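Data block below; observations after.
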Amino acid sequence: QAKRNGRNGFCFYDSSMTEAASKRFNLLEQLNQALKNDQFELYYQPQVNTETGRIVAAEALIRWNHPERGLLAPDQFIPYAEESGLIAPIGRWVIEQALRDISRWHAMGYTLPKVAVNFSTQQISDLIVAEVAEILQCSDADASSIEFEITESALMENPELSRKVLQALHQMGISLSIDDFGQGYSSLSYLKQFPISKLKIDRAFIRDLEVDENDRAITRAIIALGKSLKMTVIAEGVETENQLQFLKEEQCEELQGYLFSRPVPEEEFRRLMEKSSG
Ligand code: C2E
Ligand code: MG
Ligand code: MG
Ligand code: MG
């Protein structure tokens with residue numbers, strides 16, 4: 001469109017494209033450096049049992065300690081990593097780091113059963129199965145101590161491949177959970193094809209529980225669905241006592257959200273585990 005506006009328009013269009021492209025190139029270059037220079041860090045957010053309030057698992061969430069821009073949230077770089085293919089080495093680092101932390105915790109006497117790591121669509125490939133097996137072989141922690149979180153929409157992008165890859169990971173002993181559940185359009189029969197042990201109710205439904213009757217209905221339905229398929233159901237983004245009360249009454253098994261803790265650095269997460277078991 002800018003091209004049709006004559007010479008100035010054309011120039012503007014051209015230079016802005018170049019700028020966007022070079023910005024992106026710059027970011028990719030920095031992401032490469034970040035991998036080399038160990039600038040990524042895993043934060044951990046507890047997942048608690050609704051009945052006991054105890055920590056039963058944690059979700060690992062990546063952060064980037066950027067040398068100039070400070071601590072960056074995943075939304076600021078994961079999409080570029082996915083687009084460029086860098087998610088493969090970054091994803092590998094995430095799994096390795098989570099396993100290192102789990103091994104250390106076990107050696108220190110903490111008995112956290114599971115750590116969940118997020119898994120992008122681009123990571124669902126035939127190659128990942130052998131790669132994960134190799135990573136596990138080099139680790140003291142075993143497969144049953146990790147869980148991969150995959151969004152419903154990622155599964156739907158390539159259901160055939162997903163089913164194959166998830167089956168193989170499942171056979172290795174890794175558990176699988178569906179992240180941001182409720183946003184996609186999976187049917188019951190569809191879900192049954194995947195070896196899934198946990199459904200994570202999307203934060204968007206939890207947010208408005210107090211005011212939105214529809215969100216309450218959807219949340220109830222997901223809890224019932226999970227029960228009938230023998231999956232654990234966890235609510236994400238629990239921030240208030242009222243939400244907690246509702247989820248307790250509906251017997252949602254596990255909870256995650258700021259009400260319990262924000263994602264915290266590894267040392268701080270150890271303190272949370274200490275308090276939880278004490
Ligand atoms: P997600 O997997 O759905 O993770 C939950 C997000 O919700 C996290 O944001 C967490 O900090 C936030 N959250 C947790 N409890 C609450 C709450 O009570 N209220 C609110 N408002 N937010 C809450 P975060 O850490 O910024 O991560 C955003 C997304 O980035 C994640 O969404 C996940 O899709 C992606 N991500 C994070 N780490 C990784 C990773 O290692 N690999 C990949 N591929 N993606 C990752
Ligand atoms: Mg997640
Ligand atoms: Mg989520
Ligand atoms: Mg998400």
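Yes/no matrix, rows are residues, columns are (1) more than 16 Å from ligand 2 (Cβ to nearest atom); (2) basic (Lys, Arg); (3) under 27 Å from Ser276 (Cβ atoms):
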| position | (1), (2), (3) |
| --- | --- |
| Arg63 | no, yes, yes |
| His66 | yes, no, no |
| Ile90 | no, no, no |
| Ser103 | yes, no, yes |
| Met108 | yes, no, yes |
| Ala116 | no, no, yes |
| Gln123 | no, no, no |
| Ala143 | yes, no, yes |
Conditions (1) at pLDDT 95 or above; (2) more than 16 Å from ligand 3 (Cβ to nearest atom): number failed by Glu147: (2)
Leading residue by the ranking (farthest from ligand 3 (Cβ to nearest atom)) among those in region 96-107 that are open to solvent by 10 Å² or more (accessible area, probe 1.4 Å) and farther than 23 Å from Glu83 by Cα: Ala107
Within region 143-167, considering residues that are charged (D, E, K, R) and not in a helix (DSSP H, G or I), the one nearest to ligand 1 (Cβ to nearest atom): Glu149
Near pairs, Cβ below 8 angstrom, 6+ apart or cross-chain, from region 221-235 (closer than 15 Å to Asp202 by Cβ) to any residue that is aromatic (Phe, Trp, Tyr): Ile222/Phe181; Ile222/Phe205
So Leu136, is it open to solvent by 70 Å² or more (accessible area, probe 1.4 Å), closer than 18 Å to Leu166 by Cβ and not basic (Lys, Arg): no
Within region 254-271, tally of residues that are outside any helix (DSSP H, G or I) and within 16 Å of Gln47 (Cβ to Cβ): 11
Identity of the residue in region 216-252, charged (D, E, K, R) and closer than 20 Å to Ser187 by Cα, that ends up most open to solvent (accessible area, probe 1.4 Å): Lys230
Count of region 85-95 residues which are assigned to a helix (DSSP H, G or I) and crowded, with 17+ Cβ neighbours inside 10 Å: 7
Test result for Gly70, at pLDDT 95 or above and either within 24 Å of Val238 (Cβ to Cβ) or away from ligand 3 (no atom under 16 Å from the Cβ) (or both): yes
Residues located in region 108-122, provided they are open to solvent by 40 Å² or more (accessible area, probe 1.4 Å) and outside any loop (DSSP other than H, G, I, E, B): Lys114, Asn118, Gln122
Flag if Leu136 is assigned to a helix (DSSP H, G or I), touching a Ser or Thr at 6+ places or on another chain (Cβ under 7 Å) and not β-branched (Val, Ile, Thr): no
Leading residue by the ranking (farthest from Asp142 (Cα to Cα)) among those in region 169-207 that are of a type outside the set (S, T, N, Q), more than 16 Å from ligand 3 (Cβ to nearest atom) and open to solvent by 30 Å² or more (accessible area, probe 1.4 Å): Tyr185
Test: Leu35 is open to solvent by less than 40 Å² (accessible area, probe 1.4 Å) and either at pLDDT 95 or above or assigned to a helix (DSSP H, G or I) (or both): no
Contacts under 6 angstrom Cβ, first residue in region 144-156 being acidic (Asp, Glu), partner more than 14 Å from ligand 3 (Cβ to nearest atom), 6 or more apart: Glu147/Lys114; Glu147/Ser175; Glu152/Ser186
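The values are calculated or read from the model by the stated rules, or taken from the named source; none is laboratory data. Note that the structure is a prediction, hence the values are computed from the model and not measured. All Cβ positions, even for glycine, are placed from backbone atoms using ideal geometry, and neighbour counts span all protein chains on display. Note: areas computed on protein heavy atoms with side chains; ligands, DNA, RNA excluded. Shrake-Rupley method; radii C 1.70, N 1.55, O 1.52, S 1.80 Å.
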